[in-house]
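Note sheet for the following structure.
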Amino acid sequence: MRSSRDDVASRQRSLSEILKAVRQRRGLRPHEAAAAMKMPLRSYEHFEAGSGRLNLLKVHLFAEVLDADPFAIFAALDIGSPDFAVRCADNKMMTILMMALQEFDTSAQDDIARLTASTLIAAFTRCLDELLVQTRAEEAFVGRWMANKTLRCPDEPQA
């Protein structure tokens, strides 16, 4: 059986991997990220190493200055996929989901408690499957559209 100490160490390693991957995605070196966060380099290195307690405010600051998705960083920790944080850095998928959940909480209120697990699983699975189908269809459309076009230089005579 794993100890809670092992779990903490594992989460710290995962957080470190996530933070490094996001920073590298943005093409920054540690000293540049530290400067952007207005932190001494040594403190930043400690933070990026995942040392100490998880500091939610620092993760949010990190995401803000690196234009990443803080909720994707937290989700990446929980789902065990550091790449998830990198994949969501540009589109802010988890932040958008959190905003939608916030609106849903406001409108649904106590009705949320009556939702069944099977209803939630079916709805989320259907929604995520549709997102994948839609994005792949859009990519295919753009690819076909671009393949059938040629760009002429402005000084070329028209045919």
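The values are calculated or read from the model by the stated rules, or taken from the named source; none is laboratory data. Keep in mind it's a predicted model, so treat the numbers as computed, not measured. Here Cβ is always computed from backbone atoms with ideal geometry, including for glycine, and neighbour counts include all displayed protein chains.
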Failed criterion for M37 (all others in (1) closer than 30 Å to C127 by Cα; (2) in the same structural domain as S10 (by TED's automatic domain parsing); (3) among the aliphatic types (A, V, I, L, M) hold): (1)
statement: Sole miss for D69 among (1) under 16 Å from the mean Cα position of the chain (by Cα); (2) of a type outside the set (G, A, S); (3) surrounded by fewer than 16 Cβ atoms within 10 Å (Cβ to Cβ) is condition (3)
- prompt: Looking at the range 128-158, which of its residues are part of a loop (DSSP other than H, G, I, E, B) and modelled with pLDDT of 95 or more?
  reply: none
message: I need the full set of residues from the range 1-26 which are assigned to a helix (DSSP H, G or I) and in contact with an Asp or Glu (Cβ under 8 Å, 6 or more places away or on another chain), in order please.
response: S16, L19, K20, A21, R23
Criterion (surrounded by 17 or more Cβ atoms within 10 Å (Cβ to Cβ) and either under 14 Å from the mean Cα position of the chain (by Cα) or at pLDDT 95 or above (or both)) met by exactly one of A49, A34: A34
field: Unique residue being surrounded by 17 or more Cβ atoms within 10 Å (Cβ to Cβ) and either touching a residue at least 60 places away in the same chain (Cβ under 8 Å) or in contact with a Ser or Thr (Cβ under 9 Å, 6 or more places away or on another chain) (or both) when the list is V59, V86
entry: V86
